[in-house]
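Heads up: the structure comes next, in structure tokens.
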Amino acid sequence: MATPAIRTFRKLEGLFCVYKPAGVHWKLVRDSIETNLLKGLNAAPSQPLPHEVRLLAQPRHESEASKGLTVSAVSVPVLSKHPLVTGPEFQHIRVGVGHRLDTFSSGVLVLAVGNGNKALNDFYTTRVTRDYTLEAEFGTATDNFTNTGRVVERSTYDHITQDKLERVLSMLEGVNQKTLLTYSSIDMRSQEAYEMAVQGLLGPEGKSTPILTGLRCIRFQPPNFTLEVQCLNETQKYLRKIVHEIGLELRSTAVCNGVRRTRDGLFTLQDALIHHHWTAADVMQAIQLYHSTKKNKKPSKAANKTSALQTSEDNITETQQSEINDGVAR
């Protein structure tokens, strides 16, 4: 018979996400959640102690000593099963971590408990895209592409306009769309490739170089600007380097002031638990919500294969479509 703690643990098995603040290592986030989950599980009411029958001697007076020893069967609790003897029922719980965020980045961090670790592996075998918001600044270059690094160059930025920035972003997006087609396992001369390209479902099979599937400027107030990025197989260092390269393309320099992940596959900022909600009860609620959402969506087999790729038809340039059409015509 399952104990209350075990029944609680079964409700905790699944995927959920938290908001990782900047300046905190992801291992500290995981360890904090593991500690809170263990506290919640071990706080569950324990089962009554089992009893066993033992033969105990009955007390007797000195006048009854000559009559011999008197014993009786008595039901007593098994103290060896007491929590103070056995210790907490759960002493370790495995919390898996999805696509990691480095110390200087913030945003959505996907975690898994119990058999959710297998679901986490399956989740990342699909072509999962992630969204980021990059806060950047023109006029400075550093050795690590962040505003906290050692300054190696300063430059002017008065000549940079939003139109020039948009042209550079379009160029980078086009290059990455060609890379996306290169790493796709679909024959570019087939009708299937054309249909998948129209639906925005083309993507690399397995590991590939980092690929930007979407890139746009959502705020331009020189020297500061903000980029919104959709990508595959990226690292946060790579995204900071992209900001540096944008500065060079504009005949200036740029550093990244902050990297914030706003979406990881199905999980968004609205789903992320902040630090005050990293408790067993809130995690359980988030996991139950994830299960109910997953059941309601019921994706098809084809959608499962490309469930997280959000690239739309607008991301496929006319040049790429013509290349695919030419392949089909041949």
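Just so you know, all these numbers are worked out from the coordinates, no wet-lab data involved. If you're wondering where the values come from, they're calculated on a predicted model, not measured in any experiment. No Cβ is skipped: glycine too gets one built from the backbone with ideal geometry, and neighbour counts run over all protein chains shown.
Numbers at a glance
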| quantity | calculated |
| --- | --- |
| Phi to ³J(HN,Hα) by Karplus 6.51 cos²θ - 1.76 cosθ + 1.60 over region 160-171, Hz, x for Gly, Pro | 7, 10, 5, 4, 5, 4, 4, 5, 5, 5, 5, 4 |
| Electrostatic dipole magnitude of region 129-264 [Cβ: Lys, Arg +1; Asp, Glu -1; Cα centre; debye, to 20] | 320 debye |
| Label-zone membership for region 102-120, site V24, 7 angstrom Cα→C-beta point, backbone N under 15 Å | 102-111 |
| Members of K178/K207; K20/K164; K164/K241 lying beyond 25 Å, as alpha-carbon distances in this model show | K20/K164 |
| C-alpha center-to-center spacing [region 139-187, region 206-258] in angstrom | 5 Å |
| Convex hull of region 129-264 built on C-alpha atoms - directionally averaged projected area, nm² | 8.5 nm² |
